[in-house]
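Readers should treat all values here as calculations from the given coordinates under stated rules, not as data from a laboratory. The shown structure was predicted, so the numbers you read here are calculated from the model rather than taken from an experiment. For neighbour counting, all protein chains shown are included, and Cβ atoms are generated from backbone atoms with ideal geometry for every residue, glycine included.
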């Protein structure tokens, strides 16, 4: 197979998404070094806050960049290490190509969110977040339906005011809250990048809490 164009590679300190052939959900990792077509990824972590160390030889896909300039390339895991911290050395096995979107990395959270719709506002709790949207619990009738346009306000390291579309409403009862699925629309690149960094920080925090 050909090697990746050395000019078109992720940069050191980039936060990237990696999907392994053996795992359905993407992982998040940080680029620590780039040499030729070889990339060192540190703190590869899944949505449960666990570090992942695949077997050498496993294939996958790495995605990097910002909205409007996303790149992806296939990879092969060359080796992994636990010391001094979890890391993978991977080789990009083909030149990078443009891609339209990420397979969003999600993090479980307990995050207060204000959902505004038609002059009203509803206080909900987000139970997971990704660059793509929020899954929230509401303790009363949400007053929205699938397809409604709303605005979600929340603190993801900085105050966010994010337009979104309601994509899921699962009505609750006396024992279960109403569940809302919100898909972000028209996020600016800086906002999307901020959410991606927030998701990664939450995954690492979950890892730290689990290790205590």
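Numerical summary
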quantity: Separation of alpha-carbon centers, region 114-143 and region 158-212, rounded to whole Å; calculated: 10
quantity: Contact order relative to length of region 104-212, as percent, for alpha carbon pairs under 8 angstrom and 6 or more apart; calculated: 25
quantity: Spacing of the two label points (7 Å from each Cα toward its C-beta) at residue 158 and residue 38, in nm; calculated: 3.7
quantity: Relative contact order of region 15-98, pairs being alpha-carbon contacts under 8 Å that are 6 or more residues apart, as %; calculated: 28
quantity: Nearest-ten-degree value, helix 189-211 long axis tilted from longest Cα axis of the chain; calculated: 80
quantity: At R0 = 41 Å, FRET efficiency that the Cβ-Cβ distance of residue 83 and residue 121 yields, to 0.05; calculated: 0.25
quantity: Nearest-0.05 FRET efficiency for residue 98 and residue 55, computed from C-beta distance (R0 35 Å); calculated: 0.75
quantity: Linear extension gain, residue 170 paired with residue 149, 0.36 nm per residue minus alpha-carbon span; calculated: 5.9 nm
quantity: Residue 13/residue 185 FRET efficiency (R0 25 Å; Cβ-Cβ; nearest 0.05); calculated: 0.30
quantity: For a label point 7 Å along the Cα-to-beta-carbon line of residue 69, residues of region 15-43 with backbone N under 15 Å; calculated: 15
quantity: Relative contact order for the chain, counting Cα pairs under 8 Å that sit 6 or more residues apart, in percent; calculated: 17
quantity: Estimated distance in nm for a label pair at residue 209 and residue 76, the labels positioned 7 Å out from Cα along Cα-to-Cβ; calculated: 4.0
